[in-house]
1. Working carefully through the options B:PHE124, B:PHE198, B:PHE174, B:PHE186, find the one that is under 30 Å from B:VAL244 (Cα atoms) and not polar (S, T, N, Q).
2. List every residue pair whose Cβ atoms sit under 8 Å apart, with the two residues 6 or more apart in sequence or on different chains, where the first one lies in the range B:291-302 and is touching a residue at least 12 places away in the same chain (Cβ under 8 Å) and the second, anywhere, is outside any helix (DSSP H, G or I) and not aliphatic (A, V, I, L, M).
3. Checking B:LYS80 against (1) modelled with pLDDT under 90; (2) assigned to a loop (DSSP other than H, G, I, E, B); (3) of a type outside the set (Ser, Thr, Tyr): exactly one of these is not met. Which one?
4. Of everything in the range A:79-94, what is facing chain B (nearest Cβ under 10 Å) and surrounded by 11 or more Cβ atoms within 10 Å (Cβ to Cβ)? Give them in sequence order.
5. Give the residues of the range A:292-328 that are in a loop (DSSP other than H, G, I, E, B) and modelled with pLDDT under 80, sorted by residue number.
6. Which number in (1) within 30 Å of B:LEU43 (Cα to Cα); (2) within 10 Å of another protein chain (Cβ to nearest Cβ); (3) not charged (D, E, K, R) marks the one condition that A:MET63 misses?
7. Yes or no: the range A:198-205 includes at least one residue that is assigned to a helix (DSSP H, G or I) and of a type in the set (Ser, Thr, Tyr).
8. Of all residues in the range A:6-18, which are closer than 11 Å to B:ASP329 by Cβ and more than 7 Å from chain B (Cβ to nearest Cβ)?
Amino acid sequence: MIQGRFFDARTSAPQPARIDIGADRILRLVAQREVRQAPLEAVGISDRIGEVPRRVTFEDGAMFETPENDAVDAALDIAGHGGFARRLDRWERFWGVALAALGAVALLSWALVRFGVPPLADAVARAMPRSVDVSIGAQGLELLDETLLEPTQLPEPRQAALRGRLRTMTETAGDGHDYRLEFRRGKRVGPNAFALPSGIIVITDELVGLAQRDEEIEAVLAHEVGHVRGRHSLRILLQNAGVAALALAVLGDVGTASSLAAAVPVMLVQAKHSRDFEREADAYSRQWLRGQGLPESHFDDMMCRLAKDDADLAYLSSHPPLEERASC
Amino acid sequence: MTDSSPATAAPAATRTHAFEFRATGGEYFRIWIVNLLLTILTLGIYSAWAKVRRLRYLYGSTSLAGSAFEYHGEPLKILKGRLIAVAVFGAYAFATQLWPKSIFVLLPALILLMPLVVVFSRRFQMRMTSWRGIRFGFHGEYPGAFVAYVVWGIVAVVTLYLLLPLWLYKRVGFLVSNTSLGTERFSFTAWRGRFFGFYYATLGLMTAAFLVLALLGGVFSGAAGSQDGPPSAAAMVGLGTAFVAGVIAVSLVVGAFWERSFTNAAYDGIGLGPHRLTCRIRMGRLLWLYVTNVLGVLLTLGLFYPWALIRRLRYQFECMGVEGAGSLDEFAAAAAPQASATGEAIGESFDLDFGL
């Protein structure tokens with residue numbers, strides 16, 4: 001016998017009531033003003049969640065509500081009415097299970113982000129037509145021009161000479177990218193270089209000014225070519241989208257306050273991947289120098305000069321530590 | 001004649017029914033973490049079931065006059081709705097990434113769509129909620145939502161936000177006065193002046209706080225610099241930290257003040273037949289909750305969040321009650337509305353929480 005209150009789905013007036021679930025799987029209800037009976041299959045019995053009141057809902061919406069969760073469970077056990085929800089409730093009772101779940105969540109999220117997202121993003125990147133790169137590249141340059149960069153003040157012949165150097169460097173690459181060298185004044189970003197998808201490479205006047213030999217500029221160009229060849233910006237974009245989607249799926253139910261917390265792993269992962277890509281581009285630059293029979297010291301010299309010039313290390317912030325990249 | 005007929009009975013004394021909230025942070029945390037694990041293991045599919053379990057816990061832990069609220073959302077429908085939402089959002093994100101200019105087309109479309117989203121999601125939320133076996137309902141339609149959300153929004157912007165309180169008032173009014181419990185409609189009778197009052201008080205508080213902050217900043221940086229030459233790097237860092245701390249403190253105070261005033265004003269104006277909702281959140285308690293919750297969430301890398309939410313909700317319900325003559329036993333169920341399947345699916349996919 002389980003005591004509770006009955007609501008007839010017509011008014012909000014409660015009626016004291018009790019139910020009985022027999023081994024014959026028939027539920028009998030005796031309320032103040034009515035008596036009902038129904039087979040267990042024909043009523044909805046809410047899953048147990050903590051000590052939230054349990055409800056038995058009849059087909060017409062009438063409802064019996066009781067705080068006696070244990071009695072309901074016992075009756076259901078006798079009638080052989082179990083299910084996944086019962087197991088869930090048991091798990092939710094124990095701190096040990098909660099802590100184990102916490103550890104598993106941390107481990108699984110890390111594994112997904114580390115080993116799941118990058119290959120997936122790379123597969124998507126491979127499937128993307130080159131026209132996507134071109135579109136993103138053009139939009140990216142427009143955005144940079146609007147926000148950070150200003151028109152170049154480098155004399156035309158100097159520009160042409162450097163463009164020639166990039167052309168010689170990439171002619172033999174045969175990677176299907178349409179390389180183009182753009183010059184801009186960096187001002188706030190100082191000596192800097194950017195690689196956009198589709199092969200647009202931007203270097204700032206300040207960087208050209210900082211270099212003592214053209215081979216040093218070539219080392220930087222080769223680094224950026226490395227980014228373009230690996231389609232790094234597109235892959236970063238896709239990986240970020242993947243991690244964000246994952247964070248949303250996992251934490252979406254948690255609430256808005258934690259979206260801030262969700263941003264932290266996204267940022268960490270992003271920094272990690274971008275450092276991996278920098279290493280790859282550095283390696284490409286060194287390899288190119290070696291291939292040309294040039295000393296790798298051109299790369300080191302340029303890196304060290306960049307680091308020295310840029311007190312805030314703006315250029316290096318998303319990059320691996322300098323000691324690891326170049327020997328000064 | 002006997003004196004038992006309602007017409008001749010002495011007017012019933014005004015009664016206050018308190019809300020009760022029995023959820024605990026620990027219990028909610030355990031539900032949340034098990035949900036999270038199953039969601040990850042099923043690559044997100046379980047999230048619909050997780051949502052239902054989480055909301056059933058929160059609704060079921062909230063009771064009025066001895067009866068708990070009930071959430072009726074169905075996981076499969078929610079899953080379907082979420083897939084639609086993900087597709088729409090994905091298309092939008094993709095379009096704006098590839099062609100940033102397309103936002104100029106998509107944004108107006110979104111603004112026109114927004115009232116529809118409000119109507120559908122509110123309708124869904126209300127229909128999925130019941131108390132004592134009586135379902136809530138929402139009867140607002142697109143034109144009303146368009147006026148409350150878009151037209152009054154434009155008025156607020158055009159008047160340089162001087163009339164922003166009126167926009168808030170219209171939005172709350174639209175949501176509340178179109179909501180029903182069974183056959184009984186809610187009414188919204190809050191005083192407009194109260195909305196203007198707390199809006200301008202918040203603006204004043206914010207201005208005053210930042211003026212004080214700027215003044216202090218000026219005094220200290222002046223003091224640091226005047227001793228000998230430019231201030232030292234350490235002094236600047238200290239000053240910067242103090243400034244950031246000041247800004248955070250001010251936003252917590254202003255945020256708590258705004259939330260307290262808005263919630264009180266909105267809920268206090270809600271009526272249901274002879275009953276009236278009351279809400280008396282106190283500034284000191286709310287600010288204390290804000291500060292401790294923020295610290296807790298930061299210090300535990302977000303793990304404190306379930307406790308923070310439960311503490312906030314518990315305090316909210318502690319401050320609320322239903323007051324009035326007459327009994328809460330006389331609400332009648334409305335005929336079940338005939339909703340189109342597509343409408344339901346759209347409502348579920350846009351099941352966003354607009355609150356009040």
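The values are calculated or read from the model by the stated rules, or taken from the named source; none is laboratory data. Quick caveat, the model's predicted, so the values are computed rather than measured. With ideal geometry, Cβ positions are generated from the backbone for all residues, glycine too; neighbour counts draw on all protein chains shown.
1. The conditions single out B:PHE198.
2. Note: pairs meeting the criteria are B:ASN293/B:PHE304; B:GLY296/B:PHE304.
3. (2)
4. Residues satisfying the conditions are A:ALA85, A:LEU88, A:ASP89, A:TRP91, A:GLU92, A:ARG93, A:PHE94.
5. A:ASP310, A:ALA311, A:ASP312, A:LEU313, A:SER317, A:SER318, A:HIS319, A:PRO320, A:PRO321, A:ALA326, A:SER327, A:CYS328, listed by residue number.
6. (1)
7. Scanning the range A:198-205 turns up at least one residue that is assigned to a helix (DSSP H, G or I) and of a type in the set (Ser, Thr, Tyr).
8. Answer for the range A:6-18, where residues must be closer than 11 Å to B:ASP329 by Cβ and more than 7 Å from chain B (Cβ to nearest Cβ): just A:GLN15.
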